[in-house]
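The values are calculated or read from the model by the stated rules, or taken from the named source; none is laboratory data. As the structure is a computational prediction, the values presented were derived from the model and not from experiment. Cβ placement follows ideal geometry from the backbone for every residue including glycine, while neighbour counts extend to all protein chains displayed. Keep in mind that these areas ignore ligands, DNA and RNA; they rest on the heavy atoms of the full protein, side chains included. Shrake-Rupley method; radii C 1.70, N 1.55, O 1.52, S 1.80 Å.
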Amino acid sequence: MRHLLQVICLGLVLLTTWVSSLTAQIPEPGLAKEKLTISGYIKDAASGETLIGASIFVPEIQNGTTTNAYGFYSLSLPPARYTLSISYLGYRRLEAIIDLDIQNIRQDYEMQLVSAELEEVIVTSDAEDRNVSELQMSVNRLDIGTIQKLPTLLGEVEILRSILLLPGVTTVGEGASGFNVRGGSIDQNLVLLDEAPVYNSSHLFGFYSVFNPDAVKDVQLFKGGIPSRYGGRLSSILDVRMKEGNNKKFELNGGVGFIFSRLSVEAPIIKDKASFIVAARRSYIDVLARPFLNEDFDGSALNFYDLTAKTNWSVNENNHLFLSGYFGRDNFRFGEAAGFDWGNGTATLRWNHLFSERLFSNITLYYSDYDYEIHFGEDATNKFDWEASIVNYSIKPELAYYVNPSNLIRFGGHMVVYDFLPGKAIGVSEGEVTDFSLPSKYAIESSVFVENELNIAPGLEVNYGIRLSHFNYTGKGFAYAYGETSAGERRPLIDTREFTQWESIQTYLNPEPRIAIKYEISHHASVKLSYNRMAQYVHLISNTTASTPVDVWTPSTNNLKPQLADQFAAGFFRNFDDNMYEISIETYYKRMQRLVDYIDGADLILNPLIEGDLLSGEGRAYGLESQFSKTEGRWTGWISYTLARTERRVEGINAGKWYPSRYDQLHNLSVTTFYDLSKRWTFSASFAFNSGTPSTFPTSRIEQQGYVIPHNASDGRNNARVPVYHRLDVSLTLNPKEKPGKKWHSEWVFSVYNVYNRRNPFSIYFRQDPKRVMPDIPIMTEAVKLSVIGNFIPSVSYNFKFN
């Protein structure tokens, strides 16, 4: 009750502040016509794509705004003549004179892409001084043009691997799926594709992401200071927005590489009103290898494919509809007898509606499904089949009210219905059927939020708000009660209770306050502060070094409480030499509660009493992130360095003392550079250096009947580290000479991954000497270093575009 009263009081305080700021801006009846509004969309002139984050500056008031995630802007000003200065890096600055004197104006603007022969902007697609002037901190933005120029494995454009070059983002090893942000685990990142969550964002065990670069428009990573409109994960939000499709003309994009080929088609359905894009990829490692395999591997498969599609319709100037979807799958079969596959499917329907020139709304309906299947056996009398999935159904209304250029209010809600299938498993032995299946679990997560972005004084801006989240773990199913035991031991089952469909089993309510403050010291320097609390109600059950496609997602229950995190961050941002150079320094501290861990020997596979094997602990992460960027000229790029620690403490592990988490990396350095050798040749390179990640090594050994069993006598966790990781990749891009009026455009990309042949260790394990041991001779043991990629890999790929 005390906590509920605190929530109510905090909500009332914030609501009062919000209402006060709103009413202070509402004109009195006699002054109702004192302000007028200009609003509209900022678009790419060549394709009609809306531009996210374009800057609209009004010199007469020394203020302005930016476009939202749908390219919409709104400015309410006193009647007068104004100049609108519209900028978006990579595009020609646009200036327009408007007479705002009689009525509100609805005006869309189209911007021209800067010629590739001019100075090329590489690092971001933001406006000048955006890193200094924008309120948001701990956010990294990479436009798709930058991502396409990065050197990658086998020359294929890769979105998720590109964010590993940013400060605060790490991975536990080469080939590991997912990523870690500021000491968080993989499941603490919310990955969104057109607002629908993607639960496994990797193809081919982590080497490629599910995002087709030909269909991606914008990528943003929120690491801290996360606004109230986002929630559901502790560490980060990766927000990926798809292209809407060229509404001006037909366009064809594609590429052919060593590992897969891709093709996308976009075109108007009704010019300037409706368009579509369809993009597909398919790998063919197994096809290329088939002539070299013997008959024992007939029926083997190692491939992935995906299909991304989107269409949009501008019904009228106040209504816009978007429908997008993704479907992808990985297949891994060992002949005809065994294999497994996994995949994601999403569908998103969005409706943008303008209630007025100042009130913008978006309602999103989405469906998300992640599932995997495992199959063994050659016939119906001897086989094993296992299926698992997590399915989401959601509605998400959001509104934005543009009070004036200094005051923006956002508010809305979100509801998700979860259907967890932890395992439908059937085994057949000599015709006898055994059902190992676990029952489905259901839950409903709902939230409301309000946030106010307010320019208090020149140079001083604040975004404050709160998200109130509620989680309801429901039937149909069983709820278990466990007794107490010694720390680190399996808890005994003492009671079982059955619940009907949608009957509430356990509920949780969490207030999640957020605040971000920016103060501009000058036009070229600013300091920023932020705090956010996050709650996470879904958990990835996995005790492996890196997540695997067959890990199990589970909801918070009466035994498994939601994870919580509080993060504080402060930063300094500075631009030099007319914005050619940018530097940022951020420090953060994050405290996490109720983190999931496991007893030694935990049984995670098809275990109906898995909660008895789970432990709850706390974590802390802190560090310093810095980035230096050069954004103009023939040579561009950035250097990022992170100094960080992340630790865990769990009763029953490591004697209850703090220990480094598996994601702990003290030093993380990356250097990324691009150089225009000529109008046709571009060179790029990236270098990464990371401290070795922690690992648990045995401290002694037990010999039993000629076998050596490694043993950790101290029960220490992560008591050693694997060697440091470093790698250099390079690429060279050739653009054939263009002819006037030519519709076919192409490029060749020559790349080398792991240039100097570094055998980076993924893990180290211990084994006894495989040779036969003579009597009375001590058994020798050895440490084995496992490297996923131990050689340099050259490649050539061909990309093309027709319009």
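Based on alpha-carbon centroids, what's the gap between the range 472-507 and the range 57-87 in Å, whole number please?
Using only Cα atoms to place each centre, the spacing works out to 55 Å.
Once label points are set 7 Å from the Cα along Cα→Cβ at both Gln593 and Ile605, what is their separation, rounded to one decimal in nm?
Calculated label separation equals 3.6 nm.
Would you report the distance distribution of C-alpha pairs in the chain as whole percents per 20 angstrom bin, up to the bin with the largest distance?
P(r) for the chain, in whole percents per bin: 14, 48, 31, 6, 0, 0.
Show me the three semi-axes of the equivalent ellipsoid for the range 594-713, from the C-alpha gyration tensor (sqrt of 5 times each eigenvalue), largest first, rounded to whole Å.
The equivalent ellipsoid of the range 594-713 has semi-axes of 44, 19, 15 Å.
Helix-derived [θ] at 222 nm for the chain: sum -39500 (n - 2.57) over DSSP H runs of at least 4, divide by residue count, nearest 500?
-1500 deg cm²/dmol
Measuring with a 1.4 Å probe in the full set of protein chains, what accessible area per residue, in whole Å², belongs to the chain?
Roughly 44 Å² per residue, with all protein chains present.
Applying 1/(1 + (r/R0)^6) with R0 = 56 Å to the Cβ-Cβ distance of Ile521 and Trp313, what FRET efficiency is obtained, to the nearest 0.05?
0.75
Of all DSSP beta bridges located in the chain, what percent are antiparallel, nearest 5?
95 percent
With an 8 Å cut-off on Cα pairs and a minimum separation of 6 or more residues, tell me the relative contact order of the chain in percent.
Relative contact order for the chain comes out at 10 percent.
Dimensions of the range 447-524 along principal axes (Cα, Å, largest first)?
Sorted from largest, the Cα extents of the range 447-524 read 64, 34, 15 Å.
Rounded to the nearest 10 degrees, what's the angle between the helix 2-23 long axis and the longest principal axis of the chain, both from Cα atoms, 0 to 90?
20 degrees
Within the chain, what whole-number % of the accessible surface is contributed by carbon and sulfur, with the 1.4 Å probe and all protein chains included in the calculation?
59 percent
So how do 377-390, 440-453, 212-225, 332-345 stack up, highest first, on mean other-Cβ count within 10 Å?
Ranked from most to least packed, the peptides come out as 212-225, 440-453, 332-345, 377-390.
Compute the orientation-averaged projected area for the range 499-547 from the convex hull of its Cα atoms and round it to one decimal in nm².
Directional mean of the projected Cα hull area for the range 499-547 stands at 7.6 nm².
Would you mind calculating the gained length between Leu493 and Asn791 on full extension (0.36 nm times residue separation, minus the Cα-Cα distance), in nm to one decimal?
102.2 nm
Can you give the local net charge around Asp613? Use residues other than it whose beta-carbon is closer than 14 angstrom to its beta-carbon, Lys and Arg +1, Asp and Glu -1.
Value of the local net charge: -3.
Separation between the His353 and Ser746 pseudo-spin-labels, each 7 Å from Cα along Cα→Cβ, expressed in nm?
Spacing of the two 7 Å Cα→Cβ label points: 4.9 nm.
GluC sites (Glu not before Pro) within the range 469-542: which are DSSP loop residues with at most 10 other Cβ atoms inside 10 Å?
Sparse-neighbourhood loop GluC sites (Glu not before Pro): Glu484.
Compute the length gained on full extension between Ile270 and Ser486: take 0.36 nm times their separation in residues and subtract their Cα-Cα distance, giving the result in nm to one decimal.
Taking 0.36 nm per residue and subtracting the Cα distance, the gain is 70.9 nm.
Would you calculate the separation in nanometres between label points at Lys801 and Thr507, each defined as 7 Å from the Cα along the Cα-to-beta-carbon direction?
Taking the simple label geometry, Lys801 and Thr507 are separated by 5.3 nm.
As I understand it, the dipole of the chain uses +1 on the Cβ of Lys and Arg and -1 on the Cβ of Asp and Glu, about the Cα centre. Which of Gln593, Ile466, Ser133 lies farthest toward its positive end?
In the chain, that residue is Ser133.
Pull out a ≥ b ≥ c, the square roots of the eigenvalues of the alpha-carbon gyration tensor of the range 206-281, then state rounded if a/c is under 1.5, prolate if not and a/b is larger than b/c, and oblate in the remaining case.
It comes out oblate by the Cα gyration axes.
Only Lys, Arg, Asp and Glu count, each charged at its Cβ (+1, +1, -1, -1), so figure out the dipole size of the chain about its Cα centre, rounded to 20 debye.
1380 debye
Can you find, among Trp681, Pro710, Gln627, the residue sitting farthest towards the positive end of the charge dipole of the range 593-727, where Lys and Arg contribute +1 and Asp and Glu -1 at Cβ?
Trp681
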